[in-house]
Amino acid sequence: MLNILCVAGARPNFMKIAPLMEEFHAHSEICPKLVHTGQHYDEKMSDLFFRELGIPAPDIQLGVGSASHAVQTAEIMKAFEPVCLELQPHSVLVVGDVNSTIACGLVAVKLGIRLIHVEAGLRSGDRTMPEEINRVLTDAISDVLFCTEPSGVANLIAEGVHRPKIHLVGNVMIDTLLKHRDKAEKSPILDDMHLTPKEFATMTLHRPSNVDDPVVFAGLLDAMEVIQNDMPIVFPIHPRTRKNMDKWGWNERVETMKGLRLVEPIGYLDFLKLNANAFVVLTDSGGLQEETTALKVPCITLRENTERPVTCEVGSNQLTSVNPASILTAYQRIKDGEFPEPAIPDLWDGKAAKRIAQILAESS
Ligand code: UD1
């Protein structure tokens, strides 16, 4: 029996862990247990996702919460080590690139427990991103590495990872999207918000390099001011972003932008319905670049780089940097119909978790 401790901590982890828990439970050779580190803890950042995605309640809650990077990472490690010592799992599985990923990964390898990383090998090349550090370090200590796209495999090989440890399996986040697509279509959010399909944009902003820097953030708002005069922008606001706007006293300026619809963080199904029906998505998120690719909706990525180059290669994603003029040029290009039908990356077919479970079951 393969006892696997599966770790999730922050919002983007939940849609990745959901299909894995489902597949593992369906395999007689695998016995999964779910650990929630508590990195995200608000109802709308965590519990709502468990309910909507049908993720079983975590077996273990570490309840760590927010803190500086060092404190948060250390607290997760301190709380996770006794769990591993007590349960003696055969493997620990971590997903993505958040602080919970590296914290639990480090605990596992130091105890000699096999470490499995799902979404391995992605690289932005930008070491000022906390997630890039988490990615590089987690991959360096992992024993089994599952990749979503060919660039991940190439990056790992270039870093000297032994080829047999690497498996290109597709994208578990897209498993979740495809599974919930029909259910999401039934969400009443478009009517509730008086939105017409393909006549509005959605936007998310939470990356520290964008929202902790008032100069960069102000430039992004300048671009949004122009776009919201043309079509409504739905902007579910992340707690980090909200806190900064409050701190800088920006709410008044934003309130003058009548087309910019600031709302609380939105659940998975409502947000999927919004994004599937959006004319364009503007984002600095990683996962949304992939979700828009699967939905064939144009995405403008408000960053200098991406760790998910396949989304640009297939044509759904444009990297604009945070320069307002570049953002508006990209927007205009899409308005002018310069958006070729994008392809779906190989293996983004809803079966990534199945492949992972099969590979792990065979290794038990
Ligand atoms: C984290 C991840 C990031 C991921 C993002 C998705 C790291 C290094 N970063 O960033 O990769 O894209 O999650 O959201 O792991 N807060 C709340 N309620 C919550 C959670 C957070 O109010 O439920 C507030 C806290 O003030 C906290 C701040 O948001 O200090 C930032 O949270 P944190 O988990 O540190 O980082 P994120 O910016 O969410």
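So, counting K/R as plus one and D/E as minus one, what does the shell of residues with Cβ under 10 Å around Met231 add up to?
0
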With an 8 Å cut-off on Cα pairs and a minimum separation of 6 or more residues, tell me the relative contact order of segment 181-335 in percent.
-> 26 percent
Taking the dipole about the Cα centre of the chain, with the C-beta of Lys and Arg at +1 and of Asp and Glu at -1, give me whichever of Leu122, Met77, Asn155 is farthest to the positive side.
-> Met77
Folded to 0 to 90 degrees: helix 268-277 orientation relative to the chain principal axis, Cα | 50 degrees
Over the chain, what is the relative contact order in whole percent, taking alpha-carbon pairs under 8 Å and six or more residues apart?
-> 16 percent
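Using the eigenvalues of the Cα gyration tensor, what equivalent ellipsoid semi-axes result for segment 66-208 when each is taken as the square root of five times the eigenvalue, whole Å, largest first?
Values: eigenvalues 205, 78, 57 Å².
Sorted largest first and rounded, they come to 32, 20, 17 Å.
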Under 30 Å Cα to Cα from Lys243, which lysines show up? Leave out anything in the same chain fewer than 8 places away.
-> Lys16, Lys44, Lys78, Lys258, Lys273
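Classify segment 1-159 as rounded, prolate or oblate, taking a ≥ b ≥ c as the square roots of the eigenvalues of its Cα gyration tensor: rounded when a/c is under 1.5, otherwise prolate if a/b is larger than b/c and oblate if not. Can you show the working numbers first?
On the way: a/c = 1.30, a/b = 1.15, b/c = 1.13.
Rounded is the answer for segment 1-159, as its axis ratio a/c remains below 1.5.
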Once phi is turned into ³J(HN,Hα) by the Karplus curve 6.51 cos²θ - 1.76 cosθ + 1.60 with θ = phi - 60°, what whole-Hz value does each residue of segment 295-303 show in order, with x for glycine and proline?
-> 8, 6, 10, x, 10, 10, 9, 8, 8
So which trypsin sites (Lys or Arg not before Pro) in segment 201-286 end up in coil per DSSP with only 15 or fewer other C-beta atoms within 10 Å?
-> Lys258
Could you order Glu52, Glu252, Glu81, Glu307 so the one with the most accessible surface comes first? Probe is 1.4 Å.
-> Glu252, Glu81, Glu52, Glu307
At most 16 other Cβ atoms within 10 Å and a DSSP loop assignment: could you name the trypsin sites (Lys or Arg not before Pro) in segment 1-59 that fit?
-> Lys44
Area of Ser124 that stays accessible when all protein chains are in place (1.4 Å probe, Å², to 10) = 20 Å²
Ordering Asp126, Asp42, Asp175 by how much accessible area each has at a 1.4 Å probe, largest first, what is the list?
-> Asp42, Asp126, Asp175
P(r) histogram, all alpha-carbon pairs of segment 181-335 included - 5 Å bins from 0, percent | 2, 9, 20, 24, 22, 15, 7, 1, 0
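The values are calculated or read from the model by the stated rules, or taken from the named source; none is laboratory data. Just so we're clear, the structure is a prediction, and the values are computed from it rather than from any experiment. Positions of Cβ are backbone-derived with ideal geometry, glycine not excepted, and every protein chain shown enters the neighbour counts. Heads up: the accessible areas ignore ligands, DNA and RNA and are worked out on the full protein's heavy atoms, side chains in. Shrake-Rupley method; radii C 1.70, N 1.55, O 1.52, S 1.80 Å.
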